[in-house]
Amino acid sequence: MKSPQILTVIIAAVFALIGYIVSSTMATTPLLVAAIAFISAFVAPLIGNSSTSIAGSELDTSNEDVKTLYVGNLPYRANESVVRELFSAHGSVQSVRLMKDKHTGKRRGFGFVEMAADDLENAIAALNDTEFQQRTLKVREAKERPERNDN
């Protein structure tokens with residue numbers, strides 16, 4: 001999704017292009033071109049904000065039904081697609097994030113799976129303490145990350 005600033009610039013550029021075309025094809029005054037540019041300065045943010053608020057409200061309703069699972073003791077060779085496939089058998093998976101060491105880039109053996117809230121308990125019951133690629137998984141609802149003070 002484009003940011004509102006980019007969308008506003010695009011809309012303003014379209015208005016400027018319209019002003020240029022109108023002024024070049026017709027014998028118009030600079031006042032008309034200035035009026036089109038002036039109107040676009042007010043209309044572009046309104047159009048940009050209305051479309052992003054609609055998209056934002058759709059995202060908010062979908063995020064209410066999504067919860068995050070912590071998945072621990074993952075095999076280091078497991079990738080996102082394999083984990084997604086494993087959890088998809090137990091519900092609707094929104095995303096999979098496997099944590100990596102920031103220095104080496106190697107997987108750290110745990111990750112997070114975002115699933116539909118209705119499927120959360122089913123996935124936990126089905127996968128917690130089960131063997132996956134010779135490792136016993138630990139699956140539970142993720143806790144909120146505490147705020148870090150870097151003072």
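Taken together, the values in this text are just the output of simple stated rules run on the coordinates, not laboratory data. No experiment lies behind these values; they were computed from the predicted model shown. Ideal geometry is used to build each Cβ from the backbone, glycine not excepted, and the neighbour counts take in all protein chains shown.
Odds and ends about this structure:
- Ordering of 111-119, 77-85 by burial proxy (mean other Cβ atoms within 10 Å per residue, highest first): 111-119, 77-85
- Electrostatic bookkeeping for Leu120 treats Lys and Arg as +1 and Asp and Glu as -1; over the other residues with beta carbon under 11 Å from its beta carbon, the sum is -4.
- You can think of it this way: the chain between Asn73 and Met99 has 8.2 nm of extra reach, that is 0.36 nm per residue less the Cα-Cα gap.
- Set of lysines near Lys67 by C-alpha distance (under 25 Å), chain-local residues within fewer than 8 positions excluded: Lys100, Lys138, Lys143
- Across the range 66-105, the residues whose backbone nitrogen lies under 12 Å from the label position 7 Å along the beta-carbon direction of Asn122 are 88-93.
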